[in-house]
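Following: one structure in structure tokens, then a few remarks.
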Amino acid sequence: MSDLFKGQTMTESYQFISAGTAHTFTFSFDADKVVFTNLTKWTATAGKSPISVWYKGQTTAAHAFQQQVIDSAAAQSFNFLDTQTNGFTNADTSGGVTSYRKVISGVSAADPCVVTTSTAHGYQTNQQVIITDLGDVGVSNRGMEQLNNNTYGITVINSTTFSLYDVITGIPIDSTSYTTYVTGGSVNMISRVISLNNPQQSPYAVIPYSPTTFIYEPIEYKLTAGTSVMGSDGDNFLIEVFKAGEVTDLGDLLV
């Protein structure tokens, strides 16, 4: 989801019946303040916590600012609490464009040379990559300097490994005599298109070529409410979500 009215104050509300367990809620915008009101616990009975509040950037994970009834004879008498556990946790997703830069965790001295990434690379066979941050980086030598800043075609082996070949000749890269890989390095995909002569190039002569798509994942604004907020199974709740049109940081006001 994305903010629909940037620069303006926004509000929205939700109501639900609690299951008595933690739950993650998704909001339509980047909230500055969220108020959970437990209508069932809105009572004069001592020990009830009818109001829990979350503030963006000011509420420590798993904490919740709460108001608690402390006098069973006076419904308007409250005590302010800072729940230490099972409160609110910001669960926003990062969103953005899918990353095609991966950290290298291994490079084989072999024919062909095989590169291993620390996480799934998401590449396709015959796409092109550039290898960077290998060799002498000034602090230490990461090895495999012969690959550094060069462009290669790749043949995918599995989700985290691929072999390299020369983009001009198509010959696999023989790294048996290269300096030993030590640590670090990056691999960057520079072309989502597999090849200019596609679909003639094997194995895409028969199977239609489907390039890696450009993916944009929107940010989702999420907030997880723990059990200290969600109350008991069957409790009725109202959520009020607020976003200020502008928040000005005045810093430390000195005397």
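Details
- Scope segment 114-136; condition under 11 Å from residue 161 (Cβ atoms) and assigned to a loop (DSSP other than H, G, I, E, B); matching residues: 120, 121, 123
- Out of 135, 122, one residue alone is surrounded by 13 or more Cβ atoms within 10 Å (Cβ to Cβ) and out of contact with any strand residue (DSSP E or B) (no Cβ under 7 Å at 6 or more places or on another chain). It is 122.
- Among the residues of segment 22-60, those identified as part of a strand (DSSP E or B) and of a type outside the set (S, T, N, Q) are 23, 25, 27, 33, 34, 35, 36, 51, 53, 54, 55.
- Looking across segment 156-213 at every residue that is of a type in the set (A, V, I, L, M) and in a strand (DSSP E or B), the one that is modelled with the lowest pLDDT is identified as 190.
The values are calculated or read from the model by the stated rules, or taken from the named source; none is laboratory data. Given the structure is predicted, the values throughout are model-derived calculations rather than measurements. Virtual Cβ from ideal backbone geometry, glycine too; neighbours counted across all protein chains shown.
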